[in-house]
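The values are calculated or read from the model by the stated rules, or taken from the named source; none is laboratory data. Quantities reported herein were computed from a predicted structural model and do not represent experimental measurements. Cβ atoms come from the backbone with ideal geometry, glycine included; neighbour counts cover every protein chain shown. Surface areas here come from the heavy atoms of the whole protein model, side chains and all, with no ligands, DNA or RNA. Shrake-Rupley method; radii C 1.70, N 1.55, O 1.52, S 1.80 Å.
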Amino acid sequence: MQRTLAIVKPDGVQRGLIGEVIRRLEQNQLSIIAMKMIHMTRIQAEGFYAVHRERPFFESLTSFMSSGPCVVMVLEGEKAIARYRGLMGATNYKEAAEGTIRREFATDIEKNVVHGSDAPETAAFEIGYFFNRFEILR
Ligand code: CMP
């Protein structure tokens, strides 16, 4: 069993896609073991995306991620990291496979509806960034 962090980003929440994302998780045996709605401050978004600090899109990304509410979730399942990344599709929606969340709903490389951890180490950091152990129901 593996855990990963999933986020429905501000564009996804604003466009009414929370249910669509959750439906796909439930249909694909990714169990939601923690979930909450948050509105990140700029500082919180900068901490979450600290690995991207030197990237040219950092300012814009952290501004976007703190622009409105997000839904953050901890998912659990067999190979949860890779399977959820498969459901999301590539970061750039133009390169995302048919039928993926980003291919169907993203409007921009930044406004790409969802986020998911990319490796076990990042999942551990990202889950711990938003949830304490009493909020994770396993
Ligand atoms: P995410 O999976 O949350 O990880 C970093 C985010 O930066 C990414 O999704 C995009 O929303 C955003 N981003 C904006 N521009 C780029 C870019 N050129 N390459 C990668 N990520 C980008």
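Numbers at a glance
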{"item": "Inter-centroid distance (Cα atoms) of the stretch 7-29 relative to the stretch 89-138, Å", "result": "11"}
{"item": "Extended-chain gain in nm, criterion 0.36 nm per residue less alpha-carbon gap, Ala124 and Ile32", "result": "31.5 nm"}
{"item": "The stretch 1-107, accessible surface, carbon-and-sulfur percent (1.4 angstrom probe)", "result": "50"}
{"item": "21 Å Cα-Cα reach of Lys94 towards lysines, excluding residues that sit fewer than 8 places from it in its own chain", "result": "Lys9, Lys111"}
{"item": "Label-point separation in nm, Phe134 to Ser60, each point 7 Å along Cα→Cβ", "result": "4.1"}
{"item": "Accessible surface, the chain, averaged per residue in Å² (probe 1.4 Å)", "result": "53"}
{"item": "Relative contact order %, the chain, counting alpha carbon pairs below 8 Å whose residues are six or more apart", "result": "37"}
